[in-house]
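Asker: The structure's right below; bear with me while I get my questions together.
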Amino acid sequence: MKQHNPDQQVSPSSERNKDPILEVLRTVLPPIGTVLEIASGTGQHVVHFASHLPSLTFQPSDIDATYQASVRAYLEDTELENLMMPITLDVTTPQWPLDQADAIICSNMIHIAPWEACLGLLAGAGRILPEGGILYMYGPYKIGGKHSAPSNEDFDASLRSRDPSWGIRNLDDVALEARRHGLHLIKTVKMPANNLSVVYRKTAMVSIED
């Protein structure tokens, strides 16, 4: 029996939502190419996606060395040929370690990070995605400035009590900033536990007034 690698971290929520997310990814990701995952966390998501989408190459990333170690531990267990070693990526930096990706996926990051992280994610996606490239984001959102469920409102309050710069973002605000970088909202899908799948496509840049 293979011994458990202590570097492997487990997120119960990632285990629960990996299949619903995969079903959406099947409909929006390109048939071939490189998919950059931002904030890979434990690695459960990217390993699951890579094992079910073998024609795509997945590049995990995280700013946290502990999470990178967890991703590597999962990778070594699975030995997937289409899953790369994790890289260090801080979305707020003006130059990312990857110059091009055909799609970007990011789950459960922008509400547990400052607003600047969301802005950096959108700016970076605008830089490295090709025309027609996809940015997929998953997590809770406000709609029209209002929470979609009482549980989300409670979660938002909890986040802001831990760090005032955190919190559930308003989808309209994120979509507006995305358009500044040529990323246009093309699809939203309601997900379990009052979350959303939000899909943007890179198109020609359009000037947007402040």
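The values are calculated or read from the model by the stated rules, or taken from the named source; none is laboratory data. These numbers come from a predicted model, not from an experiment. Glycine also receives a Cβ, built like all others from the backbone with ideal geometry; neighbour counts cover every protein chain displayed.
Asker: Take the residues in the stretch 15-35 that are assigned to a helix (DSSP H, G or I) and in contact (Cβ under 8 Å) with a residue 60 or more places away in the chain; name whichever of them is farthest from the chain's Cα centre (by Cα).
Answerer: 16
Asker: Got at least one residue in the stretch 9-17 being modelled with pLDDT of 95 or more, of a type in the set (A, V, I, L, M, F, W, C) and farther than 21 Å from residue 166 by Cα?
Answerer: no
Asker: Sort out which residues of the stretch 148-184 are outside any helix (DSSP H, G or I) and surrounded by fewer than 18 Cβ atoms within 10 Å (Cβ to Cβ), and write them in order of number.
Answerer: Answer for the stretch 148-184, where residues must be outside any helix (DSSP H, G or I) and surrounded by fewer than 18 Cβ atoms within 10 Å (Cβ to Cβ): 149, 163, 164, 165, 170, 180, 184.
Asker: Since residue 188 meets every condition but one in (1) closer than 20 Å to residue 20 by Cβ; (2) touching a residue at least 24 places away in the same chain (Cβ under 8 Å), which condition does it not meet?
Answerer: (2)
Asker: Out of 61, 40, 107, which single residue is among the polar types (S, T, N, Q) and out of contact with any Asp or Glu (no Cβ under 7 Å at 6 or more places or on another chain)?
Answerer: 107
Asker: Do we have residue 136 as touching a residue at least 24 places away in the same chain (Cβ under 8 Å), crowded, with 18+ Cβ neighbours inside 10 Å, more than 13 Å from residue 111 (Cα to Cα) and of a type in the set (Phe, Trp, Tyr) here?
Answerer: Answer is yes for this residue.
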